[in-house]
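Heads up, the thing below is written out as structure tokens.
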Amino acid sequence: MKAKIMINLNSLKYCTAILTLFLIGCASEKPLQIQVTNNLDINRSFETVEIDLSLLKSNEELKLTAGKTYKISEVGTTSELVSQLSDTDGDGTADVLLFQPTIDANSSKSFTIGLKDIEDQTDEIPTCYSRFVPERTDDYAWENDRVAFRTYGPVAQKMIEDNVPGGTLSSGIDAWLKRVDYPIINKWYKKELETDGSYHEDDGEGLDNFHVGTSRGVGGIAIKVDTAYQFSRNFTDYKTIETGPIRTSFWIMYAPWKAGDKTIEEKKYISLDRGSNLSKFRVEIDGSETLSVGLTLHEKDGETTTDVEEGWVSYWEPYFGSELGTGVVVPSSAMLGYDKYVTDAKDLSNLYAQIKVVDGEAVYYTGFGWKKSKQFSSKEEWNNYLKQFAKKINTPLQVELVQ
């Protein structure tokens with residue numbers, strides 16, 4: 001008789017379903033089998049399940065040895081699903097095994113976990129990719145199969161302070177409007193820096209025509225002081241954690257900064273998973289019990305949609321002959337409100353989601369959808385994506401261990 005032991009994920013705050021350590025020491029002679037259940041009435045895919053490696057290592061049949069790694073297959077099939085070992089805390093050691101099942105509405109699927117030989121590494125750039133870019137001053141850029149972003153480092157800030165042309169003073173997040181599913185970061189920088197072409201021109205893959213300036217861009221943070229917003233300058237340090245077929249992640253650090261009479265210390269853990277238009281931001285912040293996540297309003301000619309109860313805000317705007325949606329999704333009822341802050345000051349008009357800081361940390365997801373990429377054709381489609389994204393992160397996939 002098979003016994004199913006439920007792993008309680010009700011306290012999970014984030015998009016991923018985490019199979020927590022529960023049966024240490026209960027080794028099995030059979031391959032480990034799990035069941036993933038979708039309790040929503042919507043089909044689900046490109047959601048990352050995290051399986052705690054402590055559980056796998058406790059199984060004698062799944063102890064890693066030199067030259068071995070894990071494999072995941074759906075029960076009843078021989079095809080292997082894409083998976084990735086991931087370091088969730090940035091300490092240099094893998095903590096979880098990632099995979100992305102496809103689960104129909106109100107249904108379940110079972111999967112087995114075993115061992116396989118490690119494949120030879122290739123020079124191919126992974127789907128989820130990020131890196132520091134010293135050849136373009138000191139950007140940090142990241143991407144997946146749908147979207148790409150970048151932000152700016154201390155050299156770019158010092159160039160502005162020293163009146164050197166070509167600098168950038170901003171802690172805002174830039175959107176690179178790609179419309180292909182393969183990596184473009186290295187290709188676009190090479191195009192800009194080593195050829196007569198420019199990533200500001202669309203040759204069929206998309207382009208960088210998103211203006212950030214001192215705005216929050218797509219998901220930069222601020223602290224409200226009286227009736228205005230204060231924010232940090234460029235990042236001062238970074239640490240790449242991982243790239244891979246399912247996730248890229250990294251840390252971005254900032255110098256302490258002032259918000260009124262408060263000194264703010266800020267550090268961001270950012271990750272981007274395959275198939276998602278939204279990066280996940282986990283912000284460690286000291287000095288404030290709330291923070292504001294901004295979306296630039298550009299020419300202020302777009303349409304704003306908000307739902308505080310569901311935890312998301314959206315801005316849909318006409319953009320250089322096409323249309324563009326940006327958004328913020330906040331999990332676990334942590335969204336306190338919103339503020340459409342409009343001013344005549346250059347680049348300072350932003351739509352802000354106000355977020356509660358809990359134990360020195362705030363979590364949110366932010367990103368964009370570009371009509372020309374053919375991912376979203378209207379404001380309604382973009383808003384529905386944000387609405388469903390919010391449902392999914394607050395009702396994560398449930399995982400059972402089958403033994």
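List of remarks:
- Matching entry among 248, 243 (being open to solvent by 50 Å² or more (accessible area, probe 1.4 Å), within 24 Å of residue 85 (Cβ to Cβ) and in contact (Cβ under 8 Å) with a residue 12 or more places away in the chain): 243
- Selection within the stretch 254-277 - assigned to a strand (DSSP E or B) and either in contact with a Leu (Cβ under 7 Å, 6 or more places away or on another chain) or closer than 30 Å to residue 392 by Cβ (or both): 266, 267, 268, 269, 270, 271, 272, 273
- Per-region count, the stretch 157-177, residues surrounded by fewer than 22 Cβ atoms within 10 Å (Cβ to Cβ) and part of a helix (DSSP H, G or I): 4
- Taken together, the residues in the stretch 47-80 that are open to solvent by 50 Å² or more (accessible area, probe 1.4 Å) and either touching a Phe, Trp or Tyr at 6+ places or on another chain (Cβ under 9 Å) or among the β-branched types (Val, Ile, Thr) (or both) amount to 6.
- Output for the stretch 110-120, where each listed residue is part of a loop (DSSP other than H, G, I, E, B) and in contact with a strand residue (DSSP E or B) (Cβ under 7 Å, 6 or more places away or on another chain): 118
- Of all residues in the stretch 255-281 being closer than 17 Å to residue 130 by Cα and of a type in the set (D, E, K, R), the one that is nearest to the chain's Cα centre (by Cα): 280
- Some residue of the stretch 360-374 being more than 23 Å from residue 143 (Cα to Cα), crowded, with 16+ Cβ neighbours inside 10 Å and among the aromatic types (Phe, Trp, Tyr): no
- Count of the stretch 86-109 residues which are part of a strand (DSSP E or B), surrounded by 14 or more Cβ atoms within 10 Å (Cβ to Cβ) and in contact (Cβ under 8 Å) with a residue 60 or more places away in the chain: 7
- Under the condition of being within 23 Å of residue 282 (Cβ to Cβ), open to solvent by 30 Å² or more (accessible area, probe 1.4 Å) and assigned to a loop (DSSP other than H, G, I, E, B), the residues counted in the stretch 333-359 number 2.
- Of residues in the stretch 306-332 being among the small types (Gly, Ala, Ser) and either open to solvent by 10 Å² or more (accessible area, probe 1.4 Å) or in a strand (DSSP E or B) (or both), the one farthest from residue 355 (Cα to Cα): 321
- Screening the stretch 361-403 for residues that are assigned to a strand (DSSP E or B) and acidic (Asp, Glu) and picking the one that is farthest from residue 75 (Cα to Cα) gives 361.
- With respect to the conditions (1) out of contact with any Asp or Glu (no Cβ under 6 Å at 6 or more places or on another chain); (2) open to solvent by less than 10 Å² (accessible area, probe 1.4 Å), residue 185 lacks only one, and its number is (1).
The values are calculated or read from the model by the stated rules, or taken from the named source; none is laboratory data. All figures in this text were calculated on a predicted structure; none of them were measured in a lab. Glycine also receives a Cβ, built like all others from the backbone with ideal geometry; neighbour counts cover every protein chain displayed. Please note that ligands, DNA and RNA were not included when accessible areas were found on the heavy atoms of the full protein model with its side chains. Shrake-Rupley method; radii C 1.70, N 1.55, O 1.52, S 1.80 Å.
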